[in-house]
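The values are calculated or read from the model by the stated rules, or taken from the named source; none is laboratory data. Since the model is a prediction, treat every value here as computed from it, not as a measurement. Every residue, glycine as well, gets a Cβ built from its backbone with ideal geometry; the counts of neighbours run over all protein chains shown.
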Amino acid sequence: MNLTQKILKDHLVSGEMVPGEEIGIRIDQTLTQDATGTMAYLQFEAMGVLRVRTKLSVSYVDHNMLQNSFENADDHRFLQSIAAKYGLYFSRPGNGICHQVHRERFAVPGQTMLGSDSHTPTCGGLGMIAIGAGGLDVAVAMAGGPFNMIMPKVVGVKLIGKLQPWVSGKDIILEILRRQTVKGGVGRIFEYCGEGVEALAVADRFTITNMGAELGATTSIFPSDARTREFLRAQKREETWTELKADPDATYDEIIEIDLNQLEPMIAQPHSPDKVVKVKDIAGKPVVQVCIGSCTNSSFHDLGTAAYVLHDHTVNPSVSMTVTPGSAQVFETIARSGALADLIRGGSRILESACGPCIGMGQAPPTGGVSIRSFNRNFEGRSGTMDAQVYLASPETCVACAVTGCITDPRDLEKMGIDYKKIDEPDAYSINDSLIIPPLPPNNDTEIIRGPNIKPLPLAHEPAASFEGSVLLKVGDNISTDHILPAGSKILPLRSNIPAISQYVYERVDPTFAKRAQEAGGGFIVGAANYGQGSSREHAALAPMYLGIKAVLVKSFARIHRANLINFGILPLVFVHESDYDSIDQGDEIVMENIREQVTSDTITIKNKTKGSTIQAKHNLTPRETQIILAGGLLNYTVKHHSA
């Protein structure tokens, strides 16, 4: 068996591990962050469970850190009181980005984790099956329910050779994105194997599994080996280590091979993580901003690399450079090592340990500016500046660009007298968990603190006999959750207020959408391929549900968003014939009759009253998903079955 199969088999509670079949797995750990957590805990409360039933659950605060008004601070107090009431660990503001902190303090090889953040697979770098999902799925897991999914294919990524100087794990995942595209991982788990794994730093492994989310993959995983053990020993958690690897004769559904000896520094161009080229092929383009950090590249290893280059050099006068330590631990470590002084002396702006610019919370580039970032996404407008040109690259490439003021292959730094230096993990980290509040004993009398921005949870309803209405919006390929419901400092604080946040659905695509949807009493959305890629934010389904969206008809869905639509009772439909996409237009009046009967068959008949034509669509629902749709969403379904 391969490693993925071993862990899934150990946690299997229903189904057979055959690609394409639905399985249910037991979840050991859960993770939430504040942008998704508030809604997840409102949903958890609605289930009537008195305490979390996982081995460990953690509530993090790392997204909504700008406190321009009361909303974010109120949500933080709500989350802390919820954690105390229901038995979760609470990571306080300032402790760091959830994926960085979790791998430091909580991740355990061989366990499963579900997180309400699409980059939860980061902990796959430590040998976990860690999967991103919507908050409602995480709430069900906290209540003791299984996580159900379609058994993915397992892709073996065979690494041969060894990374050359100035080339890092970021370049590996960018190369995979170049080959596979942002939809190449849908229905797949990427398992890394081969001789090249042994020499790969743990920090590089985390970067690779983190950005596997951009492939649309279910998750990514590395074996738990001697490198893993060294990392856990440095975290004073060596007792959690277990050696985990694929059997010598393990097979994979597909194989990808990457020769690390030949790999060069890579960079993703605007506006997609898969628009990847070699850095040297676009070298010389002027740069105005460089940002190193995010959950992808904010480790001691990453920041130490930047500090080394800036020890005797300064940021170019044309560039504004920011650095984000991924956790309080990383912050303290670079301070004690002297790396922080080098970063400051070199002209960097030091940000707090939070998601920050990656989620549109500050540091928006100037108009039309070129920003080179060690982040994971560069969707149009995500930075906060609609016409910014955001590129994704390794910390090595980022700091090279910062020093020269233009896109620069980091290998060219040697022409400036900067020889390559490998930055090793410390033998031991300074452990200070004072910003982590452990669970209180059961049956405590903690009062849940709810600010005025925390509104009652909107509930979906069982579907009507027929769906009828207009196509409110027609969009193209690769629509992201940032398109559907943007992030940023203006909108993120409204995550616990669905009536308010729903007014921003599709704001950047069509500012009239929310108003038109409400006036029409709901309707339909038509899209093309890979609809809903990107973040796990269930608000991109929950807010459209609140606006009355009944179904979404597309060529193909991204995994998490499709699941979120089902969770909130919105019917996800796929064209039987993709050419039918061209036959339906925004404004067309359509009807789907006898919905409750049709969802029990393989196809849905859609009558276009405007065109006088008929379209066939597939729902691809499993029997369990069909029952969720008929119940009006996962919460209704769960409460019904829990009560039973």
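Quick look at the numbers
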{"quantity": "Of the criteria (1) of a type in the set (A, V, I, L, M); (2) in contact with a helix residue (DSSP H, G or I) (Cβ under 7 Å, 6 or more places away or on another chain); (3) buried (at least 20 other Cβ atoms within 10 Å of the Cβ), which one Ala354 fails", "calculated": "(2)"}
{"quantity": "Selected residue (criterion: farthest from Cys98 (Cα to Cα)) from residues of the range 337-379 that are in a strand (DSSP E or B) and without any contact (Cβ under 8 Å) to a residue 40 or more places away in the chain", "calculated": "Arg349"}
{"quantity": "Entirely in the range 218-292, the strands (runs of 3 or more DSSP E) that have 1 or more residues that are surrounded by 14 or more Cβ atoms within 10 Å (Cβ to Cβ) and in contact with a Ser or Thr (Cβ under 8 Å, 6 or more places away or on another chain)", "calculated": "219-221, 266-268, 289-292"}
{"quantity": "Matching entry among Thr38, Thr32 (being modelled with pLDDT under 95, β-branched (Val, Ile, Thr), at negative phi and outside the structural domain of Pro486 (by TED's automatic domain parsing))", "calculated": "Thr38"}
{"quantity": "Meets criteria (more than 27 Å from Ile176 (Cβ to Cβ), of a type in the set (Gly, Ala, Ser) and in a helix (DSSP H, G or I)) for Ala306", "calculated": "no"}
{"quantity": "Of all residues making up the range 91-121, the number that are crowded, with 24+ Cβ neighbours inside 10 Å, of a type outside the set (A, V, I, L, M, F, W, C) and out of contact with any strand residue (DSSP E or B) (no Cβ under 7 Å at 6 or more places or on another chain)", "calculated": "2"}
{"quantity": "Top-ranked residue in the range 150-179 [being in contact (Cβ under 8 Å) with a residue 60 or more places away in the chain, among the hydrophobic types (A, V, I, L, M, F, W, C) and assigned to a helix (DSSP H, G or I); ranked as surrounded by the fewest Cβ atoms within 10 Å (Cβ to Cβ)]", "calculated": "Leu177"}
{"quantity": "Selection from the range 393-422 of residues that are on the phi < 0 side of the Ramachandran plot and not in a helix (DSSP H, G or I)", "calculated": "Ala393, Ser394, Cys406, Ile407, Thr408, Asp409, Ile418, Asp419, Tyr420, Lys421, Lys422"}
{"quantity": "Flag for Pro325 being in a loop (DSSP other than H, G, I, E, B) and more than 25 Å from the chain's Cα centre (by Cα)", "calculated": "no"}
{"quantity": "Identity of the residue in the range 374-420, crowded, with 24+ Cβ neighbours inside 10 Å and of a type in the set (D, E, K, R), that ends up farthest from Leu215 (Cα to Cα)", "calculated": "Glu396"}
{"quantity": "Residue within the range 197-216 that is among the polar types (S, T, N, Q) and either surrounded by fewer than 24 Cβ atoms within 10 Å (Cβ to Cβ) or part of a loop (DSSP other than H, G, I, E, B) (or both) present", "calculated": "no"}
{"quantity": "Failed criterion for Cys398 (all others in (1) assigned by TED's automatic domain parsing to the domain that holds Gly521; (2) touching a Ser or Thr at 6+ places or on another chain (Cβ under 6 Å); (3) of a type outside the set (A, V, I, L, M) hold)", "calculated": "(1)"}
{"quantity": "Residue in the range 536-551 that is touching a residue at least 40 places away in the same chain (Cβ under 8 Å), in contact with a Gly (Cβ under 7 Å, 6 or more places away or on another chain) and more than 25 Å from Phe44 (Cα to Cα) present", "calculated": "no"}
{"quantity": "Answer from Leu459, Leu485 - the residue that is farther than 16 Å from His271 by Cβ and either assigned by TED's automatic domain parsing to the domain that holds Asp580 or among the hydroxyl-bearing types (Ser, Thr, Tyr) (or both)", "calculated": "Leu485"}
{"quantity": "The range 354-403: number of residues that are under 16 Å from His119 (Cβ atoms), touching a strand residue (DSSP E or B) at 6+ places or on another chain (Cβ under 6 Å) and not aromatic (Phe, Trp, Tyr)", "calculated": "5"}
{"quantity": "The lone exception for Ile590 - which of (1) assigned to a helix (DSSP H, G or I); (2) of a type in the set (Val, Ile, Thr); (3) touching a Lys or Arg at 6+ places or on another chain (Cβ under 7 Å) it fails", "calculated": "(1)"}
{"quantity": "Within the range 626-643, tally of residues that are touching a residue at least 60 places away in the same chain (Cβ under 8 Å) and in a helix (DSSP H, G or I)", "calculated": "10"}
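Quick grid of which residues meet (1) more than 21 Å from the chain's Cα centre (by Cα); (2) farther than 19 Å from Ile566 by Cα; (3) not polar (S, T, N, Q):
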residue	(1), (2), (3)
Gly476	yes, yes, yes
Ile484	no, no, yes
Gly488	no, yes, yes
Arg495	no, yes, yes
Tyr504	no, yes, yes
Ala517	yes, yes, yes
